[in-house]
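Here is the structure we will look at, set down as structure tokens.
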Amino acid sequence: MTLPLIAIVGRPNVGKSTLFNRLAGKNRALVQATPGVTRDLHYAPVEFAGKRFMLVDTGGLSTEHTDALTHEVNLQVEFAIEEAAAIICLMDGRGGLNPEDEDVVDKLRRTKKNVFWAVNKIDAASLESLTFEFFRLGVEKLYSISAREKIGIKALMEDVVREFPEPESESDEEHESAERPVRVAFVGVPNVGKSSSINRILGEKRLIVSDLPGTTRDAIDVPFDLDGKPYVLIDTAGLRRKGKAGKYLEKLTAIKALQALDRTDIAVVLHEAGQPITDQTMRIISYAEERGRGVILALNKVDLAKTDKKWRRRIEDDLHRRLSGLEWIPVITMSARTGEGIQDLFSALSEVRENQLRRLQTGPLNRYLEGAVAHHGHPSAGSKPVKFYYMSQIKVRPPIFVVFTNRPAAIHFAYRRYLINRLRDVASFDGTPIRLIFKGRQRSDPDKT
């Protein structure tokens, strides 16, 4: 299921970033009492009232200034509006109704999108007096909120997400149909070869390919059989380039990629072979890992990179630096144009899917745990030592293991990483994240010491 996108829109300095940070739960956007601080798109996956969505904080829409920077900011806001399932139009109650507010309202009315009109910076004492003049806008309903003081947020968001779909449950393989196709999303920054890669796999030109970034507008699902097993290849959306908004294009493309990752099993993250690994590529990899998706890093356009004799050493050094802690991710080199490495991609897809569904029996798991702890025990955590009793696997896709211990809260993150790395040594889990959950042993558990 693709996550719905909610865009926070308004003129400069009405508190959009403050509301974004409040909903995202982290200070992911810079907040400063200066108009125009947000000149880029900030986005985060958010859950509210059991509904999951992508939230994007936009720059301030301005109709009073005509400089080049304002033009670019306005363009990226228009991108976000166009892609949004719902829009929160934010206005400043303390600043009063502004002509630019009226312009923004007129613009959003013409979109035919589901817009929620909110007057920000309202506290309980000034609720009625500061909100009154905004009724001149003639909107159906006004929400009085204070993003900073967390007033009115719950009522606003309950209405915003009311029509959003319920999240799909993550079923185990026992509850999945054996015939369900494996969903594989091709993700990456614009113009990295997503559509070309799928066309090469299919052996025909099923998807439009262009040298211009952003040719693919919406995610496209393409059925495909590999070794008799059904797959669905997902070509993730880019956006059409408009004017000088190229740097904003990459941000919204990432949002579309993240949405696609919420309905996929394996992410093929494409990167241009001759170029350094970008922060954007790392964000996509990190999000796939957080969501428990299988990951393959495919270095595309290797045919072009070979003209530089030193490219392989540079990319290997870059991978060693950027993928520290993510060494379980398979890395392949390929060329969608020539077909080089496509068979390696097929092999990686089959292997990652097998590893995602791998289930280990309790006996071997406990022998692994005993050996790992004997080789390197948990560091001292106070006067009471940390003891490990047994473990079992409770889920696949991704593999999740429960480890029973006397002090689950005392487990250090570095020791968790050590146990996961040791587990990868005894069983093949390449291409899939592993989750360890530490629990206290129940009273009825045997062999208490």
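The values are calculated or read from the model by the stated rules, or taken from the named source; none is laboratory data. Predicted model only: the values in this text are computed from it and were never measured. A quick note on method: Cβ atoms are made from the backbone with ideal geometry, for glycine too, and the neighbour counts reach across all protein chains shown. Note: areas computed on protein heavy atoms with side chains; ligands, DNA, RNA excluded. Shrake-Rupley method; radii C 1.70, N 1.55, O 1.52, S 1.80 Å.
Being open to solvent by 10 Å² or more (accessible area, probe 1.4 Å), within 23 Å of Glu83 (Cα to Cα) and at pLDDT 60 or above holds for only one residue in Arg240, Arg263, and it is Arg263.
Can you tell me which residues in region 382-412 are in a strand (DSSP E or B) and either closer than 29 Å to Val182 by Cα or open to solvent by less than 30 Å² (accessible area, probe 1.4 Å) (or both)? Show your work before the answer.
The first filter runs over region 382-412 and keeps only residues in a strand (DSSP E or B), leaving 388-395, 400-405.
Of everything in region 382-412, those that are in a strand (DSSP E or B) and either closer than 29 Å to Val182 by Cα or open to solvent by less than 30 Å² (accessible area, probe 1.4 Å) (or both) turn out to be Met391, Ser392, Gln393, Ile394, Lys395, Ile400, Phe401, Val402, Val403, Thr405.
I'd like to check something: does region 417-436 contain any residue that is at pLDDT below 95, over 30 Å from Ser347 (Cα atoms), polar (S, T, N, Q) and in a loop (DSSP other than H, G, I, E, B)? No.
Given the condition over 30 Å from Val232 (Cβ atoms) and without any contact (Cβ under 8 Å) to a residue 60 or more places away in the chain, answer yes or no: does some residue in region 342-352 qualify? Give the derivation first.
Within region 342-352, the first condition is being over 30 Å from Val232 (Cβ atoms), and the residues that meet it are none.
Taking every residue of region 342-352 in turn, none turns out to be over 30 Å from Val232 (Cβ atoms) and without any contact (Cβ under 8 Å) to a residue 60 or more places away in the chain.
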